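The values are calculated or read from the model by the stated rules, or taken from the named source; none is laboratory data. Worth saying up front: this structure is predicted, and the values here are computed from it rather than measured. Using ideal geometry, Cβ is built from the backbone for each residue, glycine included, and neighbour counts are taken over all protein chains shown.
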Amino acid sequence: MLIPNPNSNFQFPNPNSFVSNKGVYKWSAIDRVLNSAMTFTGNVVLARLLDPSDFGLVAMVAIFTAIAQNLSSCGMSDGLIHKHNPTDRDYSTVFVFNAAFGLFFCLLFIALGMPLAKFFARPQISSIMSVLGVCFLFQTLCFVQETRMRKNLDMKHMAIVHLLSTASAVTLGIIVAINGGEYWALVISQSGLSIFTFIYFMLISRWIPRIAFYKKSFHELFGYGVHLMIAFIINMISRNINSSVIGKYVTPVAAGLYSQAQKLQDVPFAIIESVFNWAFFAVLSNEQDKNARLNLVSEMNVRLWTINITISLLLLLISWPAFNFLYGAKWDGAIPIFQLLLVFGLATAMKSFYQTVFKAYGKVKIVKNLTFIETAIQLILLVIFLNSGVIVITMTLIIAVVFILLCHVIYYCKLLDIRPIVVIKAFWDALIVPLIAFGISWGIRYKFLSASTPFLQCLLLIIIFSIIFLISCWLIKPPYYQIVNQLIYSKFRLINASNK
């Protein structure tokens, strides 16, 4: 049990722990920001070139790709990161296991092609599944290479691999779309990413695991990872089943609108996940001092609440002009779905942080159990409201994830032996300033900007929101405002010292 916080009032922790690992977070930021920018740009171009039905066709089988991707790792990659000093035997065992599972799912995807094509009444799905299956095999061969870099905190080389792979895959997909490839542009872009990632990892890492399998390593890592595997499978079902259900029981066009809204919503939260949370798991797992761990977790909790709430409210503010400007009027039906999914994205991002803490402390059963409860709630609601339309189906995700986020907060407080008021105050401190900025900006938009073009309206709203946010920070002085001042002051002090 960690030392409890003797103060009932929340205090923002010392930033030194974050600064000491700034190189890790810096390269994670470069990786995810540039990667997401390329992916986002490619998605916008493809959305302009293709129809919603093309996206809906690929979205129908997204659930199978997601399940296979997470099942093949079985959580053993997280087991390697969690282990203090993994050996070459451990890496080799996980590599062989992933390769075997990758081959299994490659054959399974090919076999399921025809039955799924008949179920969805879309013959194109058969060939789509076959291509995704072959390329999925290459993807599984990259897991250990990537995990080894994460464990060694070698985010620089991992960023290079990701950026080269994404650039190659996006370019290939756009070329296919320009030449009339329709939905194949999406399939080739997705599958090409796996192949390019495999090639670049082999070229850049210059590390090849031995083809060997050790029972002792397998039992140790699988014992840790099996709970995460189950959680991953269940989570992927809950996140992707809506696209399949909408494609089957509504229309492929509706599935395409939902898929596009989900992709755009995923972009900012995926960036935050990779910049902070994804790297944070490796940093926290490598830290063995209990008090230092507590400081790391407390600091990141406040930071992520602040960033995620601010981003969510800003995106809600600019959702209509941004969507209309980027994708065109044919995608306007995705805007209300996108606005609802922002709530889901915020709750999921914070849930992911608490799960990272649980994993680092070895409490993987909690992750599995809470994920199972969340999916059960969502599936029950989905069955009840199956024929109620895409908006109601989207709400099933939100209700389930908000409820389960509260459960994660309760377990988080229990694990760290802190009072719930600490998390509540962290949430309120993170909410108040962006909420003020959102409310004022929303009023200005309807009063003065409603007749502006989508691009101009989007640009002005971002500027107005930012100005009001900064003014509110200066007036209210929330905890994160104080810490930013400390970091800036420390930076200038170092510069002045070096000049002297």
Candidates 127, 77, 92, 165, filtered to the one that is within 28 Å of residue 208 (Cβ to Cβ), small (Gly, Ala, Ser) and surrounded by fewer than 21 Cβ atoms within 10 Å (Cβ to Cβ): 92
Single unsatisfied condition, residue 45 versus (1) β-branched (Val, Ile, Thr); (2) modelled with pLDDT of 85 or more; (3) under 18 Å from the mean Cα position of the chain (by Cα): (3)
Subset of the range 448-500 that is closer than 30 Å to residue 329 by Cβ and of a type in the set (Ser, Thr, Tyr) - its residue that is modelled with the lowest pLDDT: 450
Lone qualifier among 220, 182 - being among the acidic types (Asp, Glu), part of a helix (DSSP H, G or I) and in contact with a helix residue (DSSP H, G or I) (Cβ under 9 Å, 6 or more places away or on another chain): 220
Failed criterion for residue 353 (all others in (1) hydrophobic (A, V, I, L, M, F, W, C); (2) buried (at least 17 other Cβ atoms within 10 Å of the Cβ); (3) more than 28 Å from residue 80 (Cβ to Cβ) hold): (3)
Residue within the range 248-266 that is under 29 Å from residue 97 (Cα atoms), at pLDDT below 80 and surrounded by fewer than 20 Cβ atoms within 10 Å (Cβ to Cβ) present: no
Verdict on residue 292 being part of a helix (DSSP H, G or I), touching a residue at least 12 places away in the same chain (Cβ under 8 Å) and surrounded by 22 or more Cβ atoms within 10 Å (Cβ to Cβ): no
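A quick yes/no check of all residues on (1) more than 27 Å from residue 277 (Cα to Cα); (2) without any contact (Cβ under 8 Å) to a residue 12 or more places away in the chain; (3) part of a helix (DSSP H, G or I):
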| site | (1), (2), (3) |
| --- | --- |
| 63 | no, no, yes |
| 77 | no, no, yes |
| 80 | no, no, yes |
| 91 | no, no, yes |
| 112 | yes, no, yes |
| 122 | yes, no, no |
Qualifying residue in the range 366-382 (condition: of a type in the set (Asp, Glu) and more than 30 Å from residue 79 (Cβ to Cβ)): no
Among residues of the range 98-135, those that are of a type in the set (Phe, Trp, Tyr) and modelled with pLDDT of 85 or more, counted: 2
Test: residue in the range 340-358 that is in a helix (DSSP H, G or I) and over 21 Å from the mean Cα position of the chain (by Cα): no
Helices (runs of 4 or more DSSP H) lying entirely in the range 360-453 (those with 3 or more residues that are under 22 Å from the mean Cα position of the chain (by Cα) and polar (S, T, N, Q)): 364-384
Lone qualifier among 297, 283 - being at pLDDT below 80 and within 24 Å of residue 415 (Cβ to Cβ): 283
Selection from the range 133-184 of residues that are in contact (Cβ under 8 Å) with a residue 24 or more places away in the chain, farther than 25 Å from residue 105 by Cα and among the aliphatic types (A, V, I, L, M): 149, 153, 155, 158, 159, 160, 163, 164, 167, 174, 177, 178
Which listed residue is hydroxyl-bearing (Ser, Thr, Tyr), in contact with a Phe, Trp or Tyr (Cβ under 8 Å, 6 or more places away or on another chain) and farther than 20 Å from residue 26 by Cβ, from 171, 197: 197
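For every residue, the table says whether it meets (1) among the hydrophobic types (A, V, I, L, M, F, W, C); (2) in contact with a strand residue (DSSP E or B) (Cβ under 9 Å, 6 or more places away or on another chain); (3) crowded, with 19+ Cβ neighbours inside 10 Å.
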| residue | (1), (2), (3) |
| --- | --- |
| 418 | yes, no, yes |
| 423 | yes, no, yes |
| 426 | yes, no, yes |
| 429 | no, no, yes |
| 436 | yes, no, no |
| 441 | no, no, yes |
| 448 | yes, no, no |
| 470 | yes, no, no |
| 475 | yes, no, no |
Residues located in the range 140-184, provided they are among the charged types (D, E, K, R) and at positive phi: 182
Residues satisfying the stated conditions in the range 376-395, i.e. over 26 Å from residue 231 (Cβ atoms) and in contact (Cβ under 8 Å) with a residue 24 or more places away in the chain: 387, 389, 390, 391
